[in-house]
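Structure, as structure tokens:
The values are calculated or read from the model by the stated rules, or taken from the named source; none is laboratory data. The shown structure was predicted, so the numbers you read here are calculated from the model rather than taken from an experiment. A quick note on method: Cβ atoms are made from the backbone with ideal geometry, for glycine too, and the neighbour counts reach across all protein chains shown.
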Amino acid sequence: MAGVKKQPGDREEAPGGLALVQSFVNSVNVEFGPDEFATADGLGEWLGRNGFASANPDDLDRQDAVALRESLRALLRENNGGKPDPEAHRTFEHIARDCPLVVKFTEDSGPGLAPAQSDVRGALGIVLASVVGAVTDGSWQRLKACQEHRCEWAFYDRSRNRASRWCSMAVCGTRAKMRVYRQAKREQG
């Protein structure tokens, strides 16, 4: 369902429903832009690419999508060793109140969470349900925000020990290591 984007460091897209969450968070390139949710039309285009063609967002929907995206990014920083962000937790819960989910049965997988509405709230509900599903199946902790503060790209950590810190070792990892190296050189005199 998620719009496939080339991932930094030749990483594979997150599996299952987390691909949608990853695409949602990565709807803005923090360092260089653009922000796909800068306008209601941009949000509508993202929704259409991700299987929510019937959603017709207005500016309030766009504002909620941006708030949810940034609260998810904060949660992904937590997954990568960042400090808990109580404001992000509150924002996540606040948005979730307006995106009701119901239990529906499908022939393929049995019961699961589905949006109660088919509009933008329903699309945001699917993103929220994907997070809940990932927490339940244990994959949530592997979706992380890059530790490079200029980047914060959402990536899926497939390493055995779940210790990846950057979306791309070649770019963000090198930046971080050079920063540490330069700081050590300054401190030496």
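Structure above, values below:
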read-out	value
Residue, nearest to the chain's Cα centre (by Cα), within region 28-54, restricted to residues that are aliphatic (A, V, I, L, M), farther than 18 Å from SER118 by Cβ and assigned to a loop (DSSP other than H, G, I, E, B)	VAL30
Cross-chain or 6+ apart pairs with Cβ under 7 Å, region 115-134 first and on the phi > 0 side of the Ramachandran plot and at pLDDT 95 or above, then among the hydrophobic types (A, V, I, L, M, F, W, C) and assigned to a helix (DSSP H, G or I)	none
Matching strands (runs of 3 or more DSSP E) fully within region 68-167 where at least 1 residues are more than 17 Å from the chain's Cα centre (by Cα), crowded, with 18+ Cβ neighbours inside 10 Å and hydroxyl-bearing (Ser, Thr, Tyr)	none
Qualifying position, being within 18 Å of LEU143 (Cβ to Cβ), part of a loop (DSSP other than H, G, I, E, B) and touching a residue at least 24 places away in the same chain (Cβ under 8 Å), among GLY9, GLY16	GLY16
